[in-house]
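Down below is the structure, laid out as structure tokens.
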Amino acid sequence: MTYQELDERSLQVARALINSGVRPNEIVGIKLNRDPRIIVAMLGVLRAGGAFLPLDLGLPLLRSKFMMENSKLPYLLTDDLDGEVPEYTRVISMGEIEKSCYPKENILGITPEQLAYVIYTSGSTGVPKGVMIQHQSLIHFIQGIQQAIDLHSIKQYLCLAPMSFDIFMVESLLPLSLGKTIILAQENHRKNPLRLAKLLIEKNVELVQMTPTAMSMFLSIQRSRSALRNVKIMMIGGEPFPRRLLEQLLQLTGSAIYNVYGPTEGTVWAAAGRLYGDREIHLGSFLNYSEPLLLDALMTPVNTGEIGELFISGMGLALGYVNNDEETDKRFIEYHDGACKKRVYRTGDLLTRRKDGTFVFVGRADNQIKIKGHRIEPEEIEKMLLLHPDVTGALVFKAGEEEETFLSAWYCSPTSISIAEWTSFLSSRLSEYMIPSIFKQVDRLPLNNNGKLDRKACMAERHK
């Protein structure tokens, strides 16, 4: 698809949405097959002044339903009418738009403060949260990542991430802003390293972005490794970067390898650092629109070399969580820096700043888990486990080592529940990456001195 065709087709979608009643800041769900039309639809929503909400076809029906109801979704752009749609949601057919003759004149009037998209993340209360990102934050991210990484010589960008994963913006809007080519991978490429390798070679892909887990899976197939020879830049993020993986990549390719880091609430990536084999794995420096603060338990800045919890301020901050003022007020707070007041986001990540100004990830201050680049709150999975009529208690934690990590679930029940039954029970409620690999029936769950679930005791017991 040429840029001219993309321009005309996205304007056609924008005009159709405006004629259907879409107004600035209104959310438009996008539920389409993974083909170039999702890029057309995304740009069409943005140009109409709306904010897009990705609803991947692979999402469990109950999760998709929750996202529509929680966002009070006024419009849904789709060709797939399977599943329930709230009665207040107006369904707009993408196919009908393409058959119509809407005008293709440019649309003006989008302001920096308007919403651009809503992405749902796992919630510590057991309920997913919709992160609201404005146009100004998205633009600052695109400019910031270009200043941190020299992308101008890169022509072909691999688009591998699902649309509902915010790194999709790196693989779609970033190359479009530079006039580059997007190679849109399909689901079978994501699950089959050999097919992905063939795509990389055939399309001469020069930039790839993967989680450490995905890259490790790709490298596990010997025949797929040669496909990296034309890749000039690798962006690896979403999880801690294992030293062993870095050493593998440095041996296989001459690519520039970047460790990228950032919460969804800070607009995709907030930091990027190029990695070399003779140095400690670090996060690099924060992008110029994002200001990091490392604070102790008393909200006092820590010294260089000391561990502190990361708070982020700056133009990349999300507006908050859609229809969830309580969680917004809890995570987006006001910080007093002398006479100055800043709005900051509490990440829950523990970092340390090195003498050279770069940052190193240390761990989490709470229970949040990263699996395959996805942010997971164990409490959300536990809430779903407790919906099973035979279960009286549940606890979920991360198991495994480095990139070989997975979710493990302990549950209390008078009867044993098979993995097949658990998978069937959870598949309509949780995304695939949130379903535990291991289920263990126990008589009781370990508690700490405060009477709360003790996840560390579970991990210690697992190693005995």
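Summary table below
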quantity	calculated
Kirkwood estimate for the chain, i.e. one over the average of 1/r between Cα atoms, Å	23.4 Å
Semi-axes of the equivalent ellipsoid for region 279-385, Cα gyration tensor, largest first, Å	24, 20, 13
Among the listed pairs Lys180/Lys372; Lys129/Lys330; Lys31/Lys370; Lys31/Lys232; Lys180/Lys203, those beyond 24 Å (Cα-Cα)	Lys180/Lys372; Lys31/Lys370; Lys31/Lys232
Counted charge near Arg15, where neighbours are those whose Cβ lies closer than 10 Å (Asp, Glu -1; Lys, Arg +1)	+1
Residues Phe168, Phe66 arranged by fewest to most Cβ contacts within 10 Å	Phe66, Phe168
Net charge over other residues, Cβ less than 11 angstrom from the Cβ of Ser255 (K, R count +1; D, E count -1)	+2
Over the chain: helical MRE at 222 nm, DSSP H runs n ≥ 4 each giving -39500 (n - 2.57), nearest 500	-8500 deg cm²/dmol
Long-range HN-HN contacts of Lys440 with modeled amide H, under 5 Å	Ala409, Trp410, Tyr411
Order of Ser71, Ser226, Ser290 - criterion: other Cβ atoms within 10 Å of each residue's Cβ, fewest first	Ser226, Ser71, Ser290
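Each value in this text was obtained by applying a stated rule to the coordinates, not by laboratory testing. Being a predicted model, the structure only gives us computed values, none of them experimental. For neighbour counting, all protein chains shown are included, and Cβ atoms are generated from backbone atoms with ideal geometry for every residue, glycine included.
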